[in-house]
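Undergrad: First the structure, then my questions, so here it is.
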Amino acid sequence: MKLNSIGLSEKDSKSLSEDLNQLLANFQRYYQNLRGIHWNIKGKRFFDLHPKFEELYDDANLKVDEVAERILTLGGVPLHTFEDYIETSKVPVGKNVSKDEDAIRLIVDSLTELLIIERRILDASDKSGDEGTNAMMSDFITEQEKTVWMMKAWLAEEI
Ligand SMILES: [Fe+2]
């Protein structure tokens, strides 16, 4: 097995960086969804939700950077054009969402897609002994699951 300079299998690192690129594309779509609802939200809860969505997109922005830099650490090239993001992304596009319940539901639906991808990467990185990627996925998953719980509580729905 050919190892790279961080001591991981070259082949596994390449495959993980491709998976991480898929996550990156989906994260960027989630990020744009958050910007959209931050801008377009209307109604009596505006003053709660407008800053809440800003907090979430600031957090997504940091995570996008972490994912991209992990891809580089593994020897890959992070996707960075809107064209690539559109092609590889599964997170739903929320266009002109202004109703608070629809906005919260869009967050839940986006996070569900991210969680599915992250669990796949968690599993693959575990098999490759890639602790750095594994720990990152583990942190993302724990945080996002908690966010989903809170959003579902806001919607007064079961998880
Ligand atoms: Fe703003």
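Computed from the coordinates by the stated procedures, all read-outs in this text should not be read as laboratory data. Because the structure is predicted, anything quoted here is derived from the model rather than measured. Neighbour counts run over all protein chains shown; Cβ positions are idealised from the backbone, glycine included.
Undergrad: Do you know which of the residues in region 65-83 that are surrounded by fewer than 19 Cβ atoms within 10 Å (Cβ to Cβ) and not acidic (Asp, Glu) is farthest from Leu34 (Cα to Cα)?
TA: By that ranking, first place goes to Gly75.
Undergrad: Specify which of the listed residues (Lys95, Lys2) is farther than 30 Å from Leu155 by Cα, charged (D, E, K, R), more than 16 Å from the ligand (Cβ to nearest atom) and surrounded by fewer than 20 Cβ atoms within 10 Å (Cβ to Cβ).
TA: Lys2
Undergrad: Being within 16 Å of the ligand (Cβ to nearest atom), closer than 26 Å to Ala135 by Cα and hydroxyl-bearing (Ser, Thr, Tyr): is that true of Tyr57 here?
TA: yes
Undergrad: Right, something else. Count, please, the residues in region 108-133 that happen to be in contact (Cβ under 8 Å) with a residue 60 or more places away in the chain and under 11 Å from the mean Cα position of the chain (by Cα).
TA: Residues flagged as in contact (Cβ under 8 Å) with a residue 60 or more places away in the chain and under 11 Å from the mean Cα position of the chain (by Cα) within region 108-133 amount to 6.
Undergrad: Only one of these is assigned to a helix (DSSP H, G or I) and touching a Leu at 6+ places or on another chain (Cβ under 6 Å): Ile86, Ile71. Name it.
TA: Ile71
Undergrad: Scan region 89-97 and give yes if some residue there is of a type in the set (S, T, N, Q) and more than 23 Å from Leu62 (Cα to Cα), otherwise no.
TA: Among the residues of region 89-97, at least one is of a type in the set (S, T, N, Q) and more than 23 Å from Leu62 (Cα to Cα), which makes the answer yes.
Undergrad: Say we look at region 7-30 and pick out the residues that are in contact (Cβ under 8 Å) with a residue 12 or more places away in the chain and not in a helix (DSSP H, G or I); which of these is nearest to the ligand (Cβ to nearest atom)?
TA: Only one residue tops the list, namely Leu8.
Undergrad: A further question on this structure: So in region 31-44, with the set limited to residues that are more than 12 Å from the ligand (Cβ to nearest atom) and exposed (fewer than 15 other Cβ atoms within 10 Å of the Cβ), which one is nearest to Val91 (Cα to Cα)?
TA: Restricting to residues being more than 12 Å from the ligand (Cβ to nearest atom) and exposed (fewer than 15 other Cβ atoms within 10 Å of the Cβ), the top hit is Lys42.
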